[in-house]
1. Take the residues of segment 94-115 that are open to solvent by less than 40 Å² (accessible area, probe 1.4 Å) and under 19 Å from Ser25 (Cβ atoms): which is farthest from the chain's Cα centre (by Cα)?
2. Does segment 76-98 include one or more residues that are touching a helix residue (DSSP H, G or I) at 6+ places or on another chain (Cβ under 7 Å), hydroxyl-bearing (Ser, Thr, Tyr) and over 26 Å from Gly15 (Cα atoms)?
3. So, of the residues in segment 8-38 that are within 10 Å of Val111 (Cα to Cα) and in a strand (DSSP E or B), which turns out to be most open to solvent (accessible area, probe 1.4 Å)?
4. Can we say Val48 is aliphatic (A, V, I, L, M), surrounded by fewer than 21 Cβ atoms within 10 Å (Cβ to Cβ) and assigned to a strand (DSSP E or B)?
5. Return the residue satisfying two criteria in turn: it lies in segment 51-62 and is closer than 17 Å to Phe99 by Cα and more than 11 Å from the chain's Cα centre (by Cα), and of such residues it is surrounded by the fewest Cβ atoms within 10 Å (Cβ to Cβ).
6. Across segment 63-82, what is the number of residues that are open to solvent by 60 Å² or more (accessible area, probe 1.4 Å) and of a type outside the set (A, V, I, L, M)?
7. Tell me which residues, restricted to segment 62-87, are touching a residue at least 40 places away in the same chain (Cβ under 8 Å), not in a strand (DSSP E or B) and not basic (Lys, Arg).
8. Mind checking which pairs have a first residue in segment 99-115 that is modelled with pLDDT of 95 or more and a second that is in a loop (DSSP other than H, G, I, E, B) and β-branched (Val, Ile, Thr), Cβ under 6 Å, 6 or more apart or different chains?
Amino acid sequence: QVQLVESGGGLVQAGGSLKLSCAASGIAFSNYAMAWYRQAPGKQRELVATITSGGIAYYTDSVKGRFTISRDNAKNTVYLESNNLKPEDTAVYYCFASFLSRAYWGQGTQVTVSS
């Protein structure tokens, strides 16, 4: 059974930081590209950052320079370190794993940034 379990969300003031974690089980984690998406109320889910199985990272423009995605294959975990948070970063953050035709979502973790 595949599970992606996010943690680390919460309430933070603007300018603050959070580190999200996503622990994977039931998959050959090192083979998978991993990603973080987010969905704000009334908006579509959007890609925040991805990291390939080889460790190459990509970021959407709005988080470049503020967010860092990383992975620890020994712990089957992907991280999203977010700094200088803004109210517009408020959303549910989802972990996503993909490899060939397989794709899995986590249940999401809420991040709320107060102004």
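The values are calculated or read from the model by the stated rules, or taken from the named source; none is laboratory data. Keep in mind that what you see is a predicted model, and the values were worked out from it rather than measured. All Cβ positions, glycine included, derive from the backbone under ideal geometry; neighbour counts span all protein chains shown. The protein model used for the area step is the full one, side chains on, heavy atoms only, and it has no ligands, DNA or RNA in it. Shrake-Rupley method; radii C 1.70, N 1.55, O 1.52, S 1.80 Å.
1. In this case the residue turns out to be Ser98.
2. no
3. Ranking the qualifying residues of segment 8-38, first place goes to Leu11.
4. In short, no.
5. That would be Gly54.
6. Selection size over segment 63-82: 6.
7. Residues satisfying the conditions are Asn73, Asn76, Asn83, Asn84, Leu85, Pro87.
8. Tyr104/Val2; Thr112/Thr90; Val113/Thr90
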